[in-house]
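S.K.: Dropping a structure here in structure tokens format, bear with me for questions.
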Amino acid sequence: MDDIVTENLTKSYASGWPGRPPFVALDGLSLAVRRGEIFGFLGPNGAGKTTTLKILLGLVRATSGHAFLLGQPVGDVATRRRIGFLPESPYFYDYLTAEEFLGFYGQLAGLDRAAINQRVTDLLGLVGLAEARTRQLRKFSKGMLQRVGLAQALIHDPELIILDEPMTGLDPVGRKQVRDLILSLRDCGKTVFFSTHILHDVEMICDRVGIVMKGRLVASGRVDELVRQDHTRSVEVVCQQLKVEGNAFIHSLATRVLQQGQQCLIVLPSPDAVDALVGEIRRQGGQLLSVTPHKASLEDLFFQEATQQASRPLSHMTSGRAS
Amino acid sequence: MGAIGVIAVNAFRESLRDKILYNLVFFAGLLIGLSVLLADLSITEHHKVIADMGLAAINLIGVIIAIFIGISLVNKEIERRTIYTIMARPISRASFIMGKYLGLALTLFVNMSIMLAVFLLTLSLYHVPIQSSLFQAVALIFVEILVVTAIALFFSTFTSTTLSAIFTLGLYVIGHLTADLRTLMINGDSGPLKSLVDLLYYLAPNLEMLNIKGQAAVGIVAAPGYVVMASLYGVMYAGVLLTGACLVFQQRDF
Ligand SMILES: Nc1ncnc2c1ncn2[C@@H]1O[C@H](COP(=O)(O)OP(=O)(O)OP(=O)(O)O)[C@@H](O)[C@H]1O
Ligand SMILES: [Mg+2]
């Protein structure tokens, strides 16, 4: 079963000027997050991550398309009892102490006093704020707000947890704690959907990812699958005693040619061209030193999608081709 | 306690921790005290001046608090984005508005009670007889403040804080003038001006109906039926505005 489903979600914001067309923040975004998985929602600044999350939580209305949480259409008030949400750079009632703050959200979720006390103690310990229990939130640092916000999202033990950039503003230790926390949530059978632009975090903990650019989902699937697709793309060949300058054949195969002293680095877009290149190197009397399939990461995929998106009208030009 | 109650109690708690309120209530006390000084200047109507000034001070400070907090009640939540996590909870937008309103009404009730206590204390210190008409006047001031709060809240669901303040203040002034204006107009000609005044008369709240300060200060007790009817009118007017506020708020993106 899918805990989050969006179908052709579109959101356009009025430009505020008559005659100026509206700004399209989401453009037919469809994705599905399965029960019990950690799903990373990746995208550069302004891609539409927060907009998507806001639509899911009913804070913003989609211009068209549908979205469902736990099988119910978004906007269904009762379903929200089973959902936890942390917005990006959260800001809360700063006149409340951490304890009162969490208590307030517990009450909104319909918990009784005893349950609230227990959860508050547990969660403040979990996010490392046990000593700040009776401190007012206006005296909290950015990272502490992020942590108490995370506790807020979990106070009612939700089934589905939606987090907008949960690691932003945290120190390396805090970041690791949040990663561990997300993993332990999955171990308890929860579904976690979070947005981020930190690829490393995604690679480490996500079961599946979706990459959104300019309001469109450009890739989605298991991290290893996505990266493997990319894997086939580039191979680095190093050779020496080869005169590449003026060799039109090599230049037509490679995406990049670098001459460094005696050595020459040739980057091929896919392994398919390796045989042809090696043959050519032999013919020219060059000496082959190494053939390395480029170890791709999510980062490469991310950049590749980003450059493709940025240069969509000029997509026939490959970046970095030697001249 | 339902979600509305939770929101209301928290809104009340928020205002308790807001220093502006204490300053304003302190200021009201000061004004009431000042009335004693002024009363000393006029030997003949000593009692009336103290009662007059006291009621006016309670009314003024109450309206200022109502506008001040009313316009920022919801806007502040949107600007500071505190609303995101609240709207992500199992609570409807209408419940949120109602909870906020009730919380502020509770705050205003407590403030009014404190001001009333200071007022009564001043009266008894200066041996001014305390008449039931004074309680009637304060009760209707409270109803007026509930209406003003609803106006402020209504505007703040679709305009900026500054515009809401201007509109609310404008409607408050018009609400006190329409009855007079209309009386003037009845004798005058009929024209576009008259239609405008008529329109305002029917749209704006008739706040003069809730103003019995003048007669109360001299001890004229209003008919209980009148107080009940005027209160009902005020509460219904506030109810219509709150319904409007909920409807507008329902459509908003955050
Ligand atoms: N209220 C709004 N009015 C107009 N445009 C908006 C509004 N909110 C967002 N946008 C636009 O929609 C686009 C997507 O914004 P969104 O906040 O979803 O991006 P994001 O992926 O969360 O970016 P970031 O990583 O910076 O948080 C942006 O170009 C933004 O300018
Ligand atoms: Mg964002």
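S.K.: Can you list the HN-Hα couplings for region B:115-126, worked out from phi with the Karplus curve (6.51, -1.76, 1.60; θ = phi - 60°), rounded to whole Hz and with x for Gly and Pro?
M.R.: Once rounded to whole Hz, the list reads 5, 4, 4, 4, 4, 5, 4, 4, 4, 6, 4, 9.
S.K.: Let me ask another. Residue by residue, what Karplus-based ³J(HN,Hα) values in Hz, rounded to whole numbers, does region A:214-226 have, using 6.51, -1.76 and 1.60 with θ = phi - 60° and x for Gly and Pro?
M.R.: Taking θ as phi minus 60°, the curve returns 6, x, 10, 7, 9, 7, 7, x, 5, 4, 5, 5, 4 Hz for region A:214-226.
S.K.: Let me make sure I get this right: for region A:234-294, a, b and c are the square roots of the gyration tensor eigenvalues over alpha carbons, sorted descending. Under 1.5 in a/c it's rounded, otherwise prolate if a/b > b/c, else oblate. Which is it? Mind showing how you got there, number by number?
M.R.: Values: a/c = 1.35, a/b = 1.26, b/c = 1.07.
Rounded, because the longest to shortest axis ratio a/c is under 1.5.
S.K.: I'd like the per residue volume of the convex hull spanned by the Cα atoms of the protein assembly as shown, given in cubic angstrom. Can you show the working numbers first?
M.R.: Working: hull volume 125.5 nm³, N = 577.
Measuring per residue, one finds 218 Å³ for the Cα hull of the protein assembly as shown.
S.K.: Using only the alpha-carbon atoms, how far is helix A:298-310 inclined from the longest principal axis of chain A? Give it as 0 to 90 degrees, nearest 10.
M.R.: For helix A:298-310, the angle is close to 80 degrees.
S.K.: For chain B, modelled as a Gaussian network with Cα springs under 10 Å, which listed residue fluctuates most, B:110, B:63, B:138?
M.R.: Most flexible of the set in this elastic network: B:110.
S.K.: I've got another one for you. Under 17 Å between alpha carbons, and skipping anything fewer than 8 positions from residue A:142 in its own chain: which aspartates and glutamates qualify?
M.R.: By straight Cα distance, residue A:142 reaches A:88, A:94, A:131, A:164, A:165, A:171.
S.K.: Once each part is reduced to its C-alpha centroid, what is the distance from region A:41-66 to region A:105-161 in angstrom?
M.R.: 25
S.K.: Largest first, please: the extent of the C-alpha atoms of region B:3-250 along each principal axis, to the nearest Å.
M.R.: 62, 51, 32
S.K.: State the Cα centre-to-centre distance between region B:60-126 and region A:171-249 in whole Å.
M.R.: 50
S.K.: Would you mind checking which residues have amide H under 5 Å from residue A:219's amide H? H placed 1.01 Å from N; only 5 or more apart, or other chain.
M.R.: Amide H neighbours of residue A:219: A:211.
S.K.: Can you send over the carbon and sulfur percentage of the accessible area for region B:125-210, probe radius 1.4 Å, protein chains only? List each step's numbers first, then the result.
M.R.: Details: 3100 of 4250 Å².
Solvent-exposed carbon and sulfur of region B:125-210 make up 73 percent of the total.
S.K.: Which lysines, if any, have their Cα less than 24 Å from the Cα of residue B:19, not counting same-chain residues under 8 positions apart?
M.R.: A:139, B:76, B:100
S.K.: Now for a separate question. To the nearest 10 square angstrom, how much accessible area does residue B:19 have with a 1.4 angstrom probe?
M.R.: Counting only protein heavy atoms, residue B:19 exposes about 150 Å² to solvent.
S.K.: Relative contact order for chain A using alpha-carbon pairs under 8 Å, separation at least 6, rounded to a whole percent? Walk me through the numbers before you get to the answer.
M.R.: Numbers: 587 pairs, mean separation 59.9, N = 323.
RCO, chain A: 19 percent.
S.K.: Using only DSSP helix segments of four residues or longer, with each worth -39500 (n - 2.57), what per-residue ellipticity at 222 nm results for the protein assembly as shown after dividing by its residue count and rounding to 500? Walk me through the numbers on the way to the answer.
M.R.: Working: 20 runs with 313 residues, N = 577.
Value at 222 nm, helices only, nearest 500: -18000 deg cm²/dmol.
S.K.: Could you sort the residues of region A:74-95 by number and keep only those whose accessible area is reduced by 20 Å² or more in the all-protein-chain setting relative to the chain alone, 1.4 Å probe?
M.R.: Listed by number, the residues meeting the 20 Å² cut-off are A:77, A:80, A:81, A:85, A:87, A:89, A:91, A:93, A:95.
S.K.: Using a probe radius of 1.4 Å on heavy atoms only, what accessible surface per residue do you get for region B:132-254? Whole Å² is fine. Could the numbers behind the result be given before it?
M.R.: Numbers: 5920 Å² over 123 residues.
It amounts to 48 Å² per residue over region B:132-254.
S.K.: OK, next. Of the options A:237, B:35, B:74, report the single residue whose Cα projects farthest towards the positive end of the charge dipole of the protein assembly as shown (beta-carbon charges: Lys, Arg +1; Asp, Glu -1).
M.R.: A:237
S.K.: Another question, then. Could you sort B:93, A:113 by their accessible area in this structure, using a 1.4 Å probe and putting the largest first?
M.R.: Details: B:93 20, A:113 180 Å².
Ranked from most to least accessible, the order is A:113, B:93.
S.K.: Something else about it: Nearest 10 degrees, 0 to 90: what angle lies between the long axis of helix A:98-108 and the longest principal axis of chain A (Cα atoms)?
M.R.: 80
S.K.: Charges at C-beta only: +1 for Lys and Arg, -1 for Asp and Glu. How large is the resulting dipole of the protein assembly as shown about its Cα centre, in Debye rounded to 20?
M.R.: On the way: 50 positive and 47 negative charges, 95 e Å.
Roughly 460 debye, rounded to the nearest 20.
S.K.: On the protein heavy atoms, probe 1.4 angstrom, tell me the percent of accessible surface of region A:102-261 carried by carbon and sulfur. Kindly include the intermediate steps, with their values, before the conclusion.
M.R.: Numbers: 3550 of 7140 Å².
Taking all protein chains in place, region A:102-261 shows 50 percent carbon and sulfur surface.
S.K.: At a threshold of 8 angstrom on Cα-Cα distance, excluding pairs fewer than six apart, so keeping six or more, what relative contact order does chain B reach in percent?
M.R.: Here the relative contact order equals 27 percent.
S.K.: Still on this structure, please answer the following. Would you please give the residues with an amide H less than 5 Å from that of residue A:67, counting only those at least 5 places away or on a separate chain, with H modeled from the backbone geometry?
M.R.: Amide H neighbours of residue A:67: A:7, A:74.
S.K.: In nm², what is the average projected area of the convex hull enclosing the Cα atoms of region A:2-228?
M.R.: Values: hull surface 51.9 nm².
Spelled out: convex hull of the Cα atoms, projected over all directions, averaged, 13.0 nm².
S.K.: Kindly write out, for region B:92-103 in residue order, the coupling ³J(HN,Hα) from the Karplus curve 6.51 cos²θ - 1.76 cosθ + 1.60 (θ = phi - 60°), rounded to whole Hz, with x marking Gly and Pro.
M.R.: 6, 5, 5, 4, 4, 4, 5, x, 4, 5, 5, x
S.K.: Kindly identify residues of region B:214-254 having a loss of at least 10 Å² in accessible area between the isolated chain and the assembly of all protein chains, probe radius 1.4 Å.
M.R.: B:250, B:251, B:253, B:254
S.K.: Quote the accessible area belonging to residue B:246 in square angstrom, nearest 10, computed with a 1.4 Å probe and with ligands, DNA and RNA left uncounted.
M.R.: 20
S.K.: Kindly report, to the nearest 10 Å², the accessible surface of residue B:233 as traced by a 1.4 Å probe over protein heavy atoms only.
M.R.: 70
S.K.: Which lysines, on any chain, are close to residue B:213 with Cα under 17 Å apart, when same-chain ones fewer than 8 places away are left out?
M.R.: B:48
S.K.: So what's region A:1-70 giving for Rg/Rh, alpha carbon basis, Kirkwood Rh from the mean inverse pair distance?
M.R.: Computed over Cα atoms, the ratio is 1.02.
S.K.: About the Cα centre, and with charges only on the beta carbon of Lys, Arg (+1) and Asp, Glu (-1), how big is the dipole of region A:2-228? Nearest 20 debye, please. The partial results should precede the final answer.
M.R.: Values: 28 positive and 25 negative charges, 93 e Å.
Rounded to the nearest 20 debye, it is 440 debye.
S.K.: Still on this model: In whole Å, largest first, what are the principal axis extents of the Cα atoms in region B:166-227?
M.R.: Extents along the principal axes, in whole Å: 41, 31, 19.
The values are calculated or read from the model by the stated rules, or taken from the named source; none is laboratory data. In this text the structure is predicted, and so the values were computed from the model without any measurement. In this analysis, Cβ positions are derived from the backbone assuming ideal geometry, glycine residues included, and neighbour counts consider all displayed protein chains. Accessible surface areas use protein heavy atoms only, side chains included; no ligands, DNA or RNA. Shrake-Rupley method; radii C 1.70, N 1.55, O 1.52, S 1.80 Å.
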